[in-house]
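The values are calculated or read from the model by the stated rules, or taken from the named source; none is laboratory data. Source: prediction; values computed, not measured. FYI the Cβ positions are ideal-geometry reconstructions off the backbone, even for glycines, and counts take in every protein chain you see.
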Amino acid sequence: MKNLILITLSMGLFFSYAYGETKNKPWEQEACTELYNSIGLFVSLADKEWKKENAERASFFTSVAADYSVIYQTVCRGRKK
């Protein structure tokens with residue numbers, strides 16, 4: 001029984017590592033440009049809300065901009081121009 005559990009855990013770790021090594025294909029330049037502009041838009045909206053002292057909405061827009069920037073770094077940043 002212990003061997004079965006050990007084998008199962010070993011296979012799970014191997015397959016999770018192999019799956020984590022998959023490469024993301026870069027997006028098209030137009031999609032990256034739109035994503036980049038969206039990040040700027042959400043940062044601008046967050047700044048406007050912060051100046052209005054609406055911290056909840058500013059936090060929301062900041063969070064969306066941060067999420068989009070992670071996506072941009074993953075699929076667009078390494079693109080050759």
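Quick notes on this structure:
- Looking only at region 12-51, and only at residues there that are among the aliphatic types (A, V, I, L, M) and modelled with pLDDT under 65, the one that is farthest from Tyr72 (Cα to Cα): Leu13
- Between Thr62, Thr74, the distinction of being surrounded by fewer than 16 Cβ atoms within 10 Å (Cβ to Cβ) and in contact (Cβ under 8 Å) with a residue 12 or more places away in the chain belongs to Thr74 only.
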